[in-house]
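Report on one structure; see the data block that follows.
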Amino acid sequence: MPTVDIFDMNRQVVGQMQLRDDIFDVPANRHVVHEVVLYQLAKRRRGTAKTKGRSEVSGGGKKPWRQKGTGRARAGTSRSPLWRGGGTVHGPQPRTYDLKVPKKVRRLAVKVVLSQKLREQALVIVDQLQLPEIRTKHFYAWMQRFGLDKPLVVISGKDEILEKSARNIPDVKVLRCEGLNVFDMLKHRNLVLTKDTVSKIEESLG
């Protein structure tokens, strides 16, 4: 079982924790991770783009001019796709982009990325993460002490002080453990977990 240090807010080691092999020591699997990332990005697409076809554009009920004798090309309606203001041919229609990925595969992808973060030494576990007040300066100072680069901070529950203190810093995200996902972990260089968060992750993925 992997053993990691637990730090306090001042980056002092206050203990150690053993992590579960089946969650934090999973072999790399790029295909599974890729599949889950596509699944997440597809779910974010709204699929509400819509254009009107020739049958939906208003007007055009009357033939613009007679069929023969004018010297102009034949025209049956002013709503033709060839005309300005006419309908669109094969334009986008409302649809869903959702992909179907089994729950076991989604869980496996989370385990793979957690294991990769640990192997890359990009995983930091803190005893607790608390700020005295809502101040971006306090959160930034804590980041500097740990030398974090684009961190994803995962907390065990709602913490308004922490969430509001971090929201104005670019490339920093504070996430509750129930929202832990593959895309965010890959997007951010460092992953910061509290001791309580680790317990909840192991409980939900175990």
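The values are calculated or read from the model by the stated rules, or taken from the named source; none is laboratory data. Only a predicted model underlies this, so the values are computations on that prediction, with no experimental measurement involved. Backbone-built Cβ (ideal geometry, glycine too); neighbour counts: all protein chains shown. Ligands, DNA and RNA are excluded from the accessible area calculation, which covers all protein heavy atoms including side chains. Shrake-Rupley method; radii C 1.70, N 1.55, O 1.52, S 1.80 Å.
Hey, got the dipole for the chain? About the Cα centre, +1 on K and R Cβ, -1 on D and E Cβ, debye to the nearest 20?
Roughly 2640 debye for the chain.
Show which aspartates and glutamates lie in cross-link reach of LYS111 when reach means a straight Cα distance below 18 angstrom and same-chain residues fewer than eight apart are skipped.
Within reach: ASP21, ASP22, ASP25, GLU35, GLU120, GLU178, ASP184, ASP196, GLU202, GLU203.
Starting from the Cα gyration tensor of the chain, multiply each eigenvalue by 5, take the square root, and state the resulting semi-axes largest first in whole Å. Spell out each step's value before the answer.
Numbers: eigenvalues 617, 88, 31 Å².
Semi-axis lengths for the chain are 56, 21, 13 Å.
So for each of 91-103, 166-178, 149-161 I average, over its residues, the number of other beta carbons within 10 Å; can you give me the resulting order with the highest mean first? Mind dumping the intermediate values first?
On the way: 91-103: 10.7, 166-178: 15.2, 149-161: 17.0.
Put in order of decreasing packing, that is 149-161, 166-178, 91-103.
Mind jotting down the distance between the C-alpha centroids of the range 89-147 and the range 166-205, whole Å?
Distance between centres, Cα-based: 4 Å.
May I ask for the angle, rounded to the nearest 10°, between helix 136-146 and the longest principal axis of the chain, with both axes built from Cα atoms and the value confined to 0 to 90°?
The answer is roughly 60 degrees.
Tell me the accessible surface of LEU186 in square angstrom (1.4 angstrom probe, heavy atoms of protein chains only), to the nearest ten.
Its accessible surface works out to 90 Å², give or take rounding.
How much of the accessible area of the range 29-76, probe 1.4 Å, is carbon plus sulfur, in whole percent?
Numbers: 1950 of 3890 Å².
About 50 percent, which is the carbon plus sulfur part of the accessible surface.
Considering only protein heavy atoms, with the full assembly of protein chains and a 1.4 angstrom probe, order HIS31, HIS138 by accessible area, largest first.
If we order HIS31, HIS138 from most to least accessible, we get HIS31, HIS138.
Per residue, how much accessible surface does the range 123-206 expose to a 1.4 Å probe? Answer in Å², no decimals.
Values: 4220 Å² over 84 residues.
Result: 50 Å² of accessible area for each residue.
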